[in-house]
Amino acid sequence: MDDVTDIRAFYDNALSEEGRLDRHQLEWDVTWRYLADYLPDSGHILEVGAATGRYSRELARRGYRVTAVDLSPALTEWSRERCREEGLGARVRHVVADARDLSSLGGERFDAALLMGPLYHLVYEQDRRAALREVAGLLAPGGVLVSAHICRLGILAGEMSEFSDWVLSRDCASVMAVGYDTEEQPKSGTGFRGYFCRPEELAPLHEAEGFETLVVAAAEPCIGADDAPYNALKGEERRAWLDLLYRVSAEPSLLGGSRHLLYLGKNSRGVQTPR
């Protein structure tokens, strides 16, 4: 198992994570379209990688019970306090744990699960599979999993606009070849260390741990790294653009250009196949 103390330290100092989805509104809106369409109408949701609790609180507002798990004690405490302030504390339970070891939740059964961050910080495949295996063991047969990923080619527009010299770096060559920086040692804990996937990896990765693939979709279809035009939309135009972008979000030709990808599957372990 990879030592992820640097990732925990990074997020312990990243309360700005709370505002990330205010900047990336299409990611939030498209993700919620999928959650609204695929989550059960009620029940207990496991969210692993809950961070500051943006999804946890919204799920609680919509009537779900949530167990919010995160690696960072600082973000977990921030989320717990925010839930108290908003009167959601009774609906959201907080747990500090590594996504690869959810033994503290043993014996529980969840109706659906979200993995909205861990799989793009676990750079080794065996660790990503371990996290999926842990969730599968807690998810009810047929329960839906929604996982988030950062797309290897989808990051290029952002890198070019914000860090144009990145293309000349060893990190660029390594990420393009294998999806992560193979030489990032020692780990400083001061920067973002992650795994950048290709869309075609996602179904085989999840299916190897007992999930049946439902959808692989772009969370930011068609906008590249430029959130501003969508963020500026209002009213009927915004609703119409969201409708259109949601309809095309699973088009295979669009997947590689999105910064974030969504995988939706259901736990096929224990599901009886009709004769």
| request: Just report the Cα centroid separation between segment 1-47 and segment 204-275, whole Å. | output: 15 Å
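Based on the mean of other Cβ atoms within 10 Å per residue, sort peptides 2-10, 45-53 so the most packed one is first.
Working: 2-10: 16.9, 45-53: 26.2.
For the peptides 2-10, 45-53, the packing ranking is 45-53, 2-10.
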| Rel. contact order, % - alpha carbon contacts under 8 angstrom, at least six apart, the chain | 23 percent
| request: Among (1) 18.1, 58; (2) 21.7, 62; (3) 18.6, 63, find the value of Rg and Dmax of the Cα atoms in Å that was calculated from the structure presented, and write down its label. | output: (1)
| remark: So the pair-distance distribution of segment 27-172, from every Cα-Cα distance in 10 Å bins, comes to percents of 11, 38, 33, 14, 5, 0
| What spacing in nm lies between the two simple spin-label points modelled at Ala228 and Glu77, each 7 Å away from Cα in the Cβ direction? | 3.9 nm
| query | Taking R0 as 22 Å, what's the FRET efficiency between Ser161 and Thr182 from their Cβ-Cβ distance, rounded to 0.05? | reply | 0.30
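Could you give the Stokes-Einstein D for segment 90-186 in µm² per second, using the C-alpha Kirkwood radius, 4 °C, 1.567 mPa s? Walk me through the intermediate numbers first.
Values: Rh = 15.8 Å.
After rounding, the answer is 82 µm²/s.
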| remark: Largest fluctuation, Leu168, Leu139, Leu26 only, Gaussian network model of the chain with Cα springs under 10 angstrom, belongs to Leu168
| query | For the chain, what proportion of DSSP beta bridges, expressed in % and rounded to the nearest 5, is antiparallel? | reply | 40 percent
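Only the coordinates and a few stated rules stand behind these numbers; no lab work does. None of these values were measured; they are calculated from a predicted model. FYI the Cβ positions are ideal-geometry reconstructions off the backbone, even for glycines, and counts take in every protein chain you see.
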